[in-house]
Structure formats: C-alpha cells, structure tokens
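Worksheet: one structure, shown below.
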Amino acid sequence: MNKKDKVKKKKDKTKTKKHNIRHKWKLGIEELATKHFDVSSNAELIVREGNYQYNIHDLVKRFGTPLEVVFPFVIEERLNELINTFKYYIRLNKYRGKFYFHYPMKVNQNKEFVLPIISEGAHIEVGSVNELWIVKRMWEQEQFSRQIKVICNGPKTNKYLGLIYELKQKGLDIVPIIEDRYELDSLKEYRGELGIRVDPEIKVQSHWDKRIDRFGFPGRELLELGRIRNLKILHYHIGSQIIKLEDMISPLKKVMDVYIKLKAMNPTLDTINLGGGFAVPYIKRKMYSADSIVKRLLRTLKEIADRRGIPHPNIIVEWGRYLVAPAQITIYRIISQKPIPKSTASWWYIIDGSFINDLPDTWAIHQKWHVVPVNYLNAERLSRVWLAGSSCDSDDKYTGNSNYVSLPRLEDLEQNDKSLYITFFDTGAYQDSLASHHCLLSSPAKIIAQNGVITVARKRETAEEVGKQFGW
Ligand SMILES: *Cc1c(COP(=O)(O)O)cnc(C)c1O
C-alpha cells in the first residue's frame with residue numbers, strides 16, 4: 001500500500017466512524033429536525049448554519065452551564081420551507097384561496113424568536129393583552145410592517161379590548177376572534193373584520209384535547225347566532241402535538257361543514273383558521289412531514305369546496321411548536337452521580353440546573369426529549385441513567401423515553417477533561433414563559449448563534465437578581 005492509499009484508508013475510517021456516531025445519536029437527519037447537528041473530529045457536538053459552524057462544547061466553556069442556545073436560522077429555514085410547500089401545492093392543485101402563517105406568540109414571546117419570524121413573512125396570533133402590547137411595541141419601533149395581520153384570541157378583558165381598538169385606530173390589520181356570547185356582545189361596535197371560534201367536538205390524540213374544555217362555540221350553537229357583521233374567519237384549535245396525520249385532517253372536515261352553513265348566512269366569511277397542532281419529533285422517531293400534511297389539507301379543502309360549490313377558502317395555520325421547538329437547545333453539566341440500587345437505570349446523574357424550572361414540561365406533562373452528550377460523543381460504553389435536577393424536589397427528574405437515558409460513563413472520562421455536558425433538543429417551544437425559580441435557582445444563561453456571531457440574550461442571574469423578584 002502506498003502512502004496516498006494509506007491516507008485515504010485512514011480518512012475513510014474516520015468517515016465511517018463519524019457516520020456511526022451520527023447514526024447512534026440521530027444527528028444530521030432532516031425528518032427528525034436534527035439536520036444541522038453533526039459531530040466534530042474530536043467527538044464534540046457541532047451545529048452548522050450554512051458555512052458557519054458552532055462547536056457547542058466551546059460555547060459551554062465560554063458561557064458556562066446551564067445554557068440555552070437559540071438558532072434563529074433554524075426558525076427562518078423552517079418557516080420558508082413551510083410557506084414554499086403551501087405555495088407549491090396551491091399551484092399544483094390550482095387552489096384559489098390564499099395561505100397565511102400566523103405565529104402564535106405564546107409558544108415563545110422572546111424577541112430573538114419573534115423578530116426573525118415576522119421578518120420571514122409570518123403574521124401574528126396573540127392570546128392576551130400583554131402579548132398584544134408586544135405588537136404595539138414593535139409597531140411603535142417601526143419593526144412591524146403594515147402587511148402583517150394580527151389575530152387576537154383569548155378572553156377579551158376591558159384592557160385587551162381597549163388595546164385592540166387603539167391599534168385598529170392606528171391602522172393595524174387586527175382581527176379579534178369571538179370566543180363566547182359575551183365577546184360577541186362587546187365586539188358589536190367593532191368596525192373591522194372579525195373571526196369566531198368553533199369547537200370541532202371531535203376527539204384526537206393529543207394531551208391538550210380534553211373531553212370537556214371551554215374553548216369556542218359548539219357548531220350548532222354558532223349557527224344559531226345569526227348574522228355577524230364583517231365575519232371573515234372561522235377558527236378552531238383542537239390541541240398541540242397532534243400525533244397522527246389523520247387527526248389533523250378529520251377536524252377540518254367537520255369544521256368545513258360549519259363553515260359552509262355559516263358562509264350561507266355571512267357571505268364575507270372567506271377564511272378557515274386551523275390553529276396549531278403540528279407535532280415535533282421530540283423522541284426522534286419519524287412522524288408525518290410538512291409535505292404530507294400540506295398536500296392532504298389542500299386536497300381535502302379543495303375537494304369539499306368544489307363539491308359543495310363554494311370558493312376555495314383562504315387558509316390560516318398557527319403551527320407554533322413545529323416552527324420554533326427545534327430552534328433551541330438546553331445544555332447542562334453533570335455535576336455528580338449516585339448509584340440507583342434496583343431499577344431500569346443504574347445511576348442518577350445530577351445536572352446543574354432544574355427540569356422543574358428550566359424545562360417545566362418534563363414535570364408538567366411528562367414531556368420526552370432527545371438527550372445527547374455535548375462532548376465524548378464517541379464514548380464506547382454507555383450507562384443507563386436517570387437525570388436529576390438540582391432542586392430539592394423528588395419530582396425534579398427526567399427518566400427518558402424508555403425509562404432510562406443512555407449516556408457516557410463518568411469513569412471513562414479523560415483525566416484532563418472530567419466534565420460531561422449533555423444537551424436537550426427541541427426546547428424552543430413553551431418552556432421559557434413557563435419557567436420558574438423553585439429553590440431560587442438561577443435560570444440558564446441564553447445565547448443566540450446567528451451568522452457566525454454569538455450574542456448574549458440573557459445573562460446568568462445573580463443571587464441579587466433572583467432575590468429581588470421575591471422582595472429581597
Ligand atoms: C397554543 C395555540 C396555538 C399553537 O399550537 P401549537 O401546537 O404550538 O402549534 C395555535 N393557536 C391557538 C389558538 C393556540 O391556543
């Protein structure tokens with residue numbers, strides 16, 4: 001074998017090794033929303049944004065843990081792909097309605113999320129007066145184009161109504177959604193376009209689709225309301241993280257029936273708003289794709305509209321979780337371990353943060369997450385572990401999807417680099433605004449990685465800052 005061949009063989013070997021590591025930790029896979037993740041030659045986690053590359057271990061050494069890293073380019077890419085997919089199927093089907101993406105702000109209200117989203121052409125959905133105040137803020141700072149439409153959900157308090165009227169007056173394209181008879185009444189004098197929310201009364205597989213909830217009018221009741229001036233949108237939202245593709249389609253079919261009857265009474269009605277629900281592959285098993293769902297939605301809508309002889313409705317979706325969850329990761333250091341005598345896992349790994357505080361869905365709804373080491377990705381031997389948070393609470397833990405998490409053994413770490421860091425994927429949706437301060441632990445620091453530049457979005461809280469929130 002000559003020298004050249006030797007070098008080539010060595011290169012091939014590292015290639016397969018890298019491939020195996022990627023495969024093992026499910027990195028670099030588009031359908032699993034991990035396509036930007038890869039492993040470096042020294043077995044550390046990296047994220048690629050075009051030709052820019054971020055080494056997560058380096059970031060951790062620079063900024064410490066717990067650490068949240070936000071990747072706005074992931075949001076921008078996902079939104080563009082979604083809009084283009086709709087465009088493609090609208091053209092293919094000769095669909096005559098328009099498509100609008102409205103970002104439901106409650107999913108993540110942070111500036112580093114909202115600004116990239118509207119800059120890429122999204123409209124907005126808000127659920128409270130304070131979320132609408134953010135719209136006002138952007139409007140005043142001239143960060144908000146007149147093209148952007150704002151949909152207002154949630155109970156309309158007097159303050160909320162006041163701000164809706166104020167922004168309407170200022171020229172904002174704002175559409176309140178009527179959720180009950182009180183709101184129907186208080187919006188009687190409203191001069192702009194209105195929407196109304198229907199309860200599809202159908203059960204789908206989702207944590208949030210409760211047998212009984214308070215949202216929207218049952219279809220029959222809605223049709224008894226008679227004419228509603230300037231009615232533009234029929235809205236429903238059945239739940240979040242809807243597991244099956246069919247469950248995204250069947251409520252639509254049911255609601256279209258109401259739409260057609262409602263439109264007969266209200267000819268201005270021309271838009272159907274499907275709300276949220278598009279699921280994220282948190283546990284890195286393949287689910288339905290944007291392509292498959294958009295294709296089905298458009299075919300279904302066109303088929304119903306054509307058969308019943310009505311114009312193709314405009315379509316609004318508010319798929320928040322899908323858009324933003326994969327744009328953030330949360331990193332912890334393992335600070336110690338402790339044996340577990342008799343269980344599916346053999347060690348507790350204690351992290352330097354808290355699930356209850358930083359990833360509250362772990363605790364609230366037993367959310368499962370994909371967990372990957374930040375360093376030592378090439379570890380040959382793995383331990384089955386449970387993760388414990390640093391609060392004093394026995395509920396502060398994460399025991400994995402199969403009742404254990406596989407991570408490198410602490411005994412195998414090199415002497416000169418004893419710290420094992422781990423990251424949770426897909427933490428960009430819902431966790432931040434639900435976060436708390438149990439045991440007065442500080443929130444993770446947060447940085448933004450964009451165009452090869454790192455900026456700090458939230459510094460690590462000091463004891464003074466946390467204490468202050470409690471009156472000290
Ligand atoms: C919460 C919510 C959404 C977002 O749901 P996702 O499952 O995150 O897409 C959209 N619309 C309304 C009305 C909501 O309440």
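The values are calculated or read from the model by the stated rules, or taken from the named source; none is laboratory data. Keep in mind that what you see is a predicted model, and the values were worked out from it rather than measured. Backbone-built Cβ (ideal geometry, glycine too); neighbour counts: all protein chains shown.
Some observations on this one:
Conditions (1) more than 30 Å from Ile365 (Cβ to Cβ); (2) assigned to a strand (DSSP E or B); (3) modelled with pLDDT of 95 or more; (4) of a type in the set (A, V, I, L, M, F, W, C), marked per residue:
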{"position": "Ile174", "(1), (2), (3), (4)": "yes, yes, yes, yes"}
{"position": "Ile177", "(1), (2), (3), (4)": "no, yes, yes, yes"}
{"position": "Leu184", "(1), (2), (3), (4)": "yes, no, yes, yes"}
{"position": "Arg191", "(1), (2), (3), (4)": "yes, no, no, no"}
{"position": "Ile196", "(1), (2), (3), (4)": "no, yes, yes, yes"}
{"position": "Glu201", "(1), (2), (3), (4)": "no, no, no, no"}
{"position": "Gln205", "(1), (2), (3), (4)": "no, no, no, no"}
{"position": "Trp208", "(1), (2), (3), (4)": "no, no, no, yes"}
{"position": "Gly226", "(1), (2), (3), (4)": "yes, no, no, no"}
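- Pair list, Cβ < 7 Å and 6+ apart or interchain, from segment 196-218 residues that are farther than 17 Å from Cys152 by Cα to residues that are part of a strand (DSSP E or B) and within 11 Å of the ligand (Cβ to nearest atom): Val204/Ile242; Gln205/Ile242; Ser206/Ile242
- Residue list for segment 247-291, restricted to those being part of a helix (DSSP H, G or I) and of a type in the set (Lys, Arg): Lys253, Lys254, Lys261, Lys263
- Yes/no for Phe355 being of a type in the set (Phe, Trp, Tyr) and within 16 Å of the ligand (Cβ to nearest atom): no
- Every pair of residues 6+ apart whose Cβ atoms lie under 7 Å, when the first sits in segment 238-257 and is closer than 15 Å to Ile293 by Cα while the second is away from the ligand (no atom under 12 Å from the Cβ) and among the hydroxyl-bearing types (Ser, Thr, Tyr): Leu245/Tyr288; Leu245/Ser292; Ile249/Thr300; Leu252/Thr300; Lys253/Thr300
- Checked against (1) within 16 Å of the ligand (Cβ to nearest atom); (2) surrounded by 18 or more Cβ atoms within 10 Å (Cβ to Cβ), Leu222 passes all but condition (1).
- Taken together, Phe86, Phe99 contain a single residue that is assigned by TED's automatic domain parsing to the domain that holds Ile134, farther than 22 Å from Ile134 by Cβ and surrounded by 19 or more Cβ atoms within 10 Å (Cβ to Cβ), which is Phe99.
- Glu193 being loosely packed, with under 14 Cβ neighbours inside 10 Å, assigned by TED's automatic domain parsing to the domain that holds Glu125 and out of contact with any helix residue (DSSP H, G or I) (no Cβ under 8 Å at 6 or more places or on another chain): no
- Scanning segment 292-347 for residues that are part of a helix (DSSP H, G or I), away from the ligand (no atom under 16 Å from the Cβ) and either closer than 19 Å to Glu246 by Cβ or hydroxyl-bearing (Ser, Thr, Tyr) (or both) returns Ser292, Lys295, Arg296, Leu298, Arg299, Thr300, Leu301, Lys302, Glu303, Ile304.
- Residues being of a type in the set (Val, Ile, Thr), in a helix (DSSP H, G or I) and within 17 Å of the chain's Cα centre (by Cα) - total across segment 56-94: 3
- Verdict on Asp358 being over 30 Å from Ile148 (Cβ atoms), surrounded by 20 or more Cβ atoms within 10 Å (Cβ to Cβ) and either more than 27 Å from the chain's Cα centre (by Cα) or in the same structural domain as Phe424 (by TED's automatic domain parsing) (or both): yes
- Highlighted here are the strands (runs of 3 or more DSSP E) found entirely within segment 15-55 that include at least 3 residues which are out of contact with any Lys or Arg (no Cβ under 7 Å at 6 or more places or on another chain): 45-49, 52-55.
- Failed condition for Thr34, given (1) more than 21 Å from the chain's Cα centre (by Cα); (2) modelled with pLDDT of 95 or more; (3) of a type in the set (Ser, Thr, Tyr): (1)
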